[in-house]
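Data first, discussion second: the structure below is written as structure tokens.
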Amino acid sequence: MKSVSELFGPLEKYHADVDIFEFCVDAFDDVYVEKKGKIISDDSAFKSEEEIRKVIDNVLGSVNRKITPENPYADVRLADGTRVIATIAPMATRSANLLVRKPVVQDVNLETLKSWKAVDDKGAQIIKDALMAGKNIVLTGLAGTGKMTMLNAFITEMNPEWRVVAAEKNTEIQVNRKRFVSLETMNGTQSEYLDLVKKAYPMRADYFVGTRAEGEVAMKLLEYMRGEVSVLVEATASGASDLLKRFEVSGLTSLSGIHRDDLRMMISDAIDLVVTMKRDEKTGKRFIEHIGAVKGLRENGKYDIESLYNDNGE
């Protein structure tokens, strides 16, 4: 039986490299690898698009999945936890493409992140206090900013006596702790994910964790934040203000008849803390840029966000 790395053919060396956690194929002559925060280009990995298709078929076949012109998108998790997203024509108009994200296998906590200079003593203490107090936290940032690594650290720092239940579309959380329940959808669809979140919430969690919060899922997680269970959410945005605006859009498009003022009140009432991750494009360093406490709404209807922590990455 082939190892997971061998499934990737010409990309085997990248999957086997312990310093590489993400690589992507945009076209047969357009391959990028991220190693130690640096983006490396490789235009010689493949000789044709047919070779990309062969790799995609091998990888998907290992988990009994197929990709076809009728179903040109696949998002799967391999036996070792590697996440693979692939698209082909007609969805992919330029070339078949592939994104590979390996799981973070090392144990990570706030002390680890301090040693990486991803956060300092002040920021780490704010987060630790918030987690131990069971605050509702949204961890945000753009793609590639290290949100999942930070999320793992947050879960590791939670009270070891608490039961943590995580619901994900595709499993990315990798933590070594007891009292942790990890759930994922069967096929990675958004409708499945919403159903999973609904089923997972009653499982007596002390902290409920949701990832990739958007649309109806984001609104359901906000609803849970207003209940008795503490909630930790990961969502994509450039900062606290952008996150709250994106949640507004999710609410306006998924909640029938809700007034914007009522939606803003619901959002500001649900979220206690927004933690924003950033990646320095020059150095590749990932770090917590900002921690903001959502205090409610101002008289003008805008969100009142108290800045608790700032770091420009220097």
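Check every one of the strands (runs of 3 or more DSSP E) wholly within segment 160-264 and list those with 2 or more residues that are of a type in the set (Gly, Ala, Ser) and free of Cβ contacts under 8 Å to residues at least 60 places away in the same chain.
In segment 160-264, 164-168 are the strands (runs of 3 or more DSSP E) which contain 2 or more residues that are of a type in the set (Gly, Ala, Ser) and free of Cβ contacts under 8 Å to residues at least 60 places away in the same chain.
When you look at Arg246, is it open to solvent by 10 Å² or more (accessible area, probe 1.4 Å), under 19 Å from Thr211 (Cα atoms), among the basic types (Lys, Arg) and in contact with a helix residue (DSSP H, G or I) (Cβ under 9 Å, 6 or more places away or on another chain), yes or no? Please lay out each step first, then the result.
Details: open to solvent by 10 Å² or more (accessible area, probe 1.4 Å): yes; under 19 Å from Thr211 (Cα atoms): yes; among the basic types (Lys, Arg): yes; in contact with a helix residue (DSSP H, G or I) (Cβ under 9 Å, 6 or more places away or on another chain): yes.
So Arg246 fits the description; yes.
Restrict the check to segment 66-74 and report whether at least one residue is in contact (Cβ under 8 Å) with a residue 40 or more places away in the chain and surrounded by fewer than 19 Cβ atoms within 10 Å (Cβ to Cβ). The answer is no, given that none of the residues of segment 66-74 is in contact (Cβ under 8 Å) with a residue 40 or more places away in the chain and surrounded by fewer than 19 Cβ atoms within 10 Å (Cβ to Cβ). The set of residues in segment 133-162 that are within 20 Å of Met203 (Cα to Cα) and out of contact with any strand residue (DSSP E or B) (no Cβ under 7 Å at 6 or more places or on another chain) comprises Thr156, Asn159, Pro160, Glu161. Considering segment 297-311, the residues that are over 23 Å from the mean Cα position of the chain (by Cα) and charged (D, E, K, R) include one that is most open to solvent (accessible area, probe 1.4 Å), namely Glu299.
A single member of Val231, Val294 is surrounded by 18 or more Cβ atoms within 10 Å (Cβ to Cβ), modelled with pLDDT of 95 or more, hydrophobic (A, V, I, L, M, F, W, C) and under 21 Å from Lys198 (Cα atoms), and it is Val231. Quick one: would you say Ser256 is open to solvent by 20 Å² or more (accessible area, probe 1.4 Å), under 21 Å from the mean Cα position of the chain (by Cα) and small (Gly, Ala, Ser)? Here the answer is no, as Ser256 does not meet what is asked.
For residues that are in a strand (DSSP E or B), open to solvent by 70 Å² or more (accessible area, probe 1.4 Å) and modelled with pLDDT of 85 or more, tally how many sit in segment 22-53. Spell out how you get there, then give the answer.
Keep residues of segment 22-53 that are in a strand (DSSP E or B), which gives 22-27, 30-35, 38-42.
Then keep just the ones that are open to solvent by 70 Å² or more (accessible area, probe 1.4 Å); that gives 32, 38-41.
Narrowing the set further to residues that are modelled with pLDDT of 85 or more leaves 32, 39-41.
Number of matching residues: 4.
For residues that are farther than 17 Å from Ala240 by Cβ and either part of a loop (DSSP other than H, G, I, E, B) or aromatic (Phe, Trp, Tyr) (or both), scanning just segment 276-291, find the one that is least open to solvent (accessible area, probe 1.4 Å). Among those that are farther than 17 Å from Ala240 by Cβ and either part of a loop (DSSP other than H, G, I, E, B) or aromatic (Phe, Trp, Tyr) (or both), it is Gly284.
The values are calculated or read from the model by the stated rules, or taken from the named source; none is laboratory data. Keep in mind the model is a prediction, meaning the values are calculated, not measured. Glycine gets a Cβ as well: all are built from the backbone with ideal geometry, and neighbour counts include every protein chain shown. These area figures cover heavy atoms from the full protein model, side chains too; ligands, DNA and RNA do not enter into them. Shrake-Rupley method; radii C 1.70, N 1.55, O 1.52, S 1.80 Å.
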